[in-house]
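Here the structure is laid out as structure tokens; the discussion comes afterwards.
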Amino acid sequence: MIDLVNVSRLYHRGADEIHALERVSLHVPRQRFVALMGPSGSGKSTLLNVLAGLDRPNSGEVTVAGQRLNEMSEDELAAFRAHTVGFVFQFFNLIPVLNAVENVELPLLLTHLSRAERRQRAETALRVVGLADRADHRPRELSGGEQQRVAIARSIVTDAELIVADEPTGDLDAKNAEEILSLLQTLKRDFGKTVVIVTHDPRAEKWVDEVIHLDKGVLLETRPGGAARGGAA
Amino acid sequence: MKYLPLVWRNLGRNPLRSLLTAAAIALAIALVCILRTMPAGMDAILASAAANTRISTHNEAGIVYSMPYAYLAKVRAVPGVVAAISWNWFGGAIDITKGVEFPNFAVDPDGIAEVYADWGLDPKVFEDFRKYRDAALVGHITLEKHRWKVGDVVTLQSTVFPVSLSFRIVGAVPTSTPAFYFQREYLAQALAAAGVTFDTTGMIWSRVDDPDRVGPVMRQIDEMFRNSEAITATETEKSFIGNFFSGLKQLVTIIQIVAALVTLCIVFIAANTASMSIRERVGEIAILKAIGFRKQTIFSTLLAEAGLLALVAGIAGAATAFGLLKALRVFASGAGPQLGPLTAFVVSYTILVQAIFISFFIGILSGWVPALGASRRSVAQTLREVF
């Protein structure tokens, strides 16, 4: 599903050069739940952005779902993200003026589906995350956990193969964090999604198949998670 | 169209700000609409004030320079001239310390009924004007202002001639003119008694028998005096009034320039508002881009927000101006001839369409730069900065 070969990403901050990623090579098969972990500034969010088509590496090759991202234009990358990747962010990032079902429906505006079909799919996605009865609620009327579920529904509504999540439990209490991790694992297990998350949360380890550790832009180690060892799965 | 609900919802995000921005645009558009009626309104006023067969002859050097009174007889003899009368500025004041409060002229009583047939006065009034040496015809505005009535006797002291004359008001001129007319002969006798020679005239007003002959008659009159001591310039009444009020036209031009500057200010205000609105949403915009919205789509929806707000505001502003001037016309037409000229200012459908287009253009212009900036911003960089 994901193949990164010698990927490097360099940032300039004033006169300084920051090596966010240094010759990172990585392979993630389909239908895997992977956690990118490491201290702040280790390059895990940059890696997530690169494999999701949000950022371009300075060197190296990125292939996701059989598509070489290096060669894509801005518009092609946008189309790639719209069709192949579902995004979940730490602070939920729902549009406050839209209700839950309208938020979920947003990515479908980029398709040729009719209004009725869009609405039907959005409601189905909300059902998957257990929020069918909250469809008409605005984000401010939902709890943090519920908002994150809406964000997950939005990420799966286009039937994207890859779900990427940046600190999806970072703003949640323990109970909600567990529920979100469980839901992400369900997406992998029952819906065949490949899920890559960036997290500081040690609880995530038991839910994922693989933990990838980075530090200072370098991939230090890859080891099996709890799910691979027959834990939370 | 499928993005319209998103655009509409975003406009409702901060209702007070949207309302205030729309109000500012609407006010500017209403102002533009009203000011755009001025050139056509001025033309209509001139057209209504002027008769199409009445012409004015005056010294080519300007109306403050006189011509020999003998010119009157020559003008009357020109084929096509039905009647002609001389005009002399009297410069009479009720109270010399207050100055001249209304225009007053010494005119010939013979021919005034024909030259000013459009006043619609009772022939008996003109008859009285001819019959009484001290008779005066007074514009009703002046009558009402000084609470005079027909039959009253008023005294004016001239600021031009060394005489003070008393007049008997015999009729009210029903047009919007405030002018005061009296017999030239009355002034001539008073000046003769004071030892002053009076053989000039300031203007000659003539009535031509056919609108199609106005041009040839004007040319013939001026040709007649080409080699005389006072070369003349003859023009239609509309042209004369237009030139007389040329300063007013310049004022209208200045007002229109100010209106354009106000519109420009509104562009900046609207641009600032659009910029603030977009700046507050950089995170959301980054999310939209992350989930696959192309930068063209982001740009279009943001521009549509600014355009839609300005369009709605423009329609409101144009409707306000239309309603306001319509109400003013209804009021002015019922309030008597003093306010009659106000009925000339009409917001035409052309002005309405132009105003709404200008408003939409303001919206697009004000939203362009902020929308372009937001659509071009890097997603990864924004996500790093905002979250």
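Quick notes on this structure:
- Projected label distance in nm at B:LYS124 and A:ARG30, using a 7 Å step from Cα toward the beta-carbon: 11.0 nm
- Fewest-first ranking of A:LYS175, B:LYS145, using other Cβ atoms within 10 Å as the exposure measure: A:LYS175, B:LYS145
- Length available on full extension from B:ASP134 to B:GLN381: 0.36 nm per residue minus the Cα-Cα distance, which gives 79.7 nm.
- Between 0 and 90°, nearest 10: helix B:246-279 axis offset from chain B longest Cα axis: 10 degrees
- Cβ charges +1 (Lys, Arg) and -1 (Asp, Glu), total dipole of chain A, debye: 380 debye
- Cα-based shape type of region B:66-229, given that a ≥ b ≥ c are square roots of the gyration tensor eigenvalues and the cut on a/c is 1.5: oblate
- In the elastic network of chain A, a GNM with C-alpha springs shorter than 10 Å, the most mobile of A:ARG81, A:ARG223, A:ARG138 is A:ARG223.
- Computed from Cα positions, the angle between helix A:174-191 and the longest principal axis of chain A comes to roughly 90 degrees.
- Lysines with Cα under 18 Å of A:LYS216, excluding same-chain neighbours fewer than 8 positions away: A:LYS44
- The slack between B:SER166 and B:PHE268, meaning 0.36 nm per residue of separation minus the straight C-alpha distance, is 30.6 nm.
- With Rh defined as the Kirkwood radius, the inverse of the mean 1/r over Cα pairs, the Rg/Rh of the protein assembly as shown is 1.34.
- Under 14 Å, Cβ to Cβ, from B:PHE345 - net charge with Lys/Arg +1 and Asp/Glu -1: +2
- DSSP-defined beta bridges in the protein assembly as shown - what % are antiparallel, rounded to 5: 65 percent
- Shape call, chain B: gyration tensor on alpha carbons, a/c limit 1.5: prolate
- Model label points for B:ASP210 and A:ASN70, set 7 angstrom from Cα along the Cα-to-Cβ axis, are 9.3 nm apart.
- Candidates B:THR155, B:THR343, B:THR177, ranked by Gaussian network fluctuation over chain B, Cα under 10 Å, top entry: B:THR155
- Exposure proxy ranking, count of Cβ atoms within 10 Å, fewest first, for B:LEU324, A:LEU54, B:LEU365: B:LEU324, B:LEU365, A:LEU54
- Helix B:349-376 and the longest principal axis of the Cα set of chain B meet at an angle near 30°.
- Calculated [θ] (222 nm, deg cm²/dmol) that DSSP helices of n ≥ 4 give over the protein assembly as shown, each run adding -39,500 (n - 2.57): -15000 deg cm²/dmol
- Computed over chain A with a Gaussian network model linking Cα atoms closer than 10 Å, the most mobile of A:LEU131, A:LEU69, A:LEU113 is A:LEU113.
- B:ILE63 long-range amide H proximity, modeled H, under 5 Å: none
- 31 Å Cα-Cα threshold exceeded, pairs from B:LYS124/B:LYS238; A:LYS206/B:LYS295; A:LYS175/B:LYS2; B:LYS98/B:LYS249; B:LYS2/B:LYS326: A:LYS206/B:LYS295; A:LYS175/B:LYS2; B:LYS2/B:LYS326
- Calculated FRET efficiency, A:ALA174 to B:LEU324, Cβ-Cβ distance, R0 = 56 Å: about 0.30 to the nearest 0.05.
- Of all DSSP beta bridges confined to region B:66-229, the antiparallel ones make up roughly 70%.
- Placing +1 on each Lys and Arg Cβ and -1 on each Asp and Glu Cβ, with no other charges, gives the protein assembly as shown a dipole about its Cα centre of roughly 1060 debye.
- Remark: region A:110-233 carries a charge dipole of roughly 360 debye about the Cα centre, counting +1 on each Lys and Arg Cβ and -1 on each Asp and Glu Cβ.
- FRET E, pair A:ALA132, A:ARG203, Förster distance 25 Å, beta-carbon r, rounded to 0.05: 0.40
- Positive end of the dipole of region B:1-132 (Cβ unit charges, origin at the Cα centre): among B:TYR65, B:PHE129, B:VAL107, the Cα lying farthest that way belongs to B:TYR65.
Laboratory data are not the source of any read-out in this text; all were calculated from the coordinates shown. Since the structure is predicted, the reported quantities are computational estimates derived from the model, not experimental observations. Quick reminder, even Gly has a Cβ in these numbers, built from the backbone with ideal geometry, and neighbours come from all protein chains shown.
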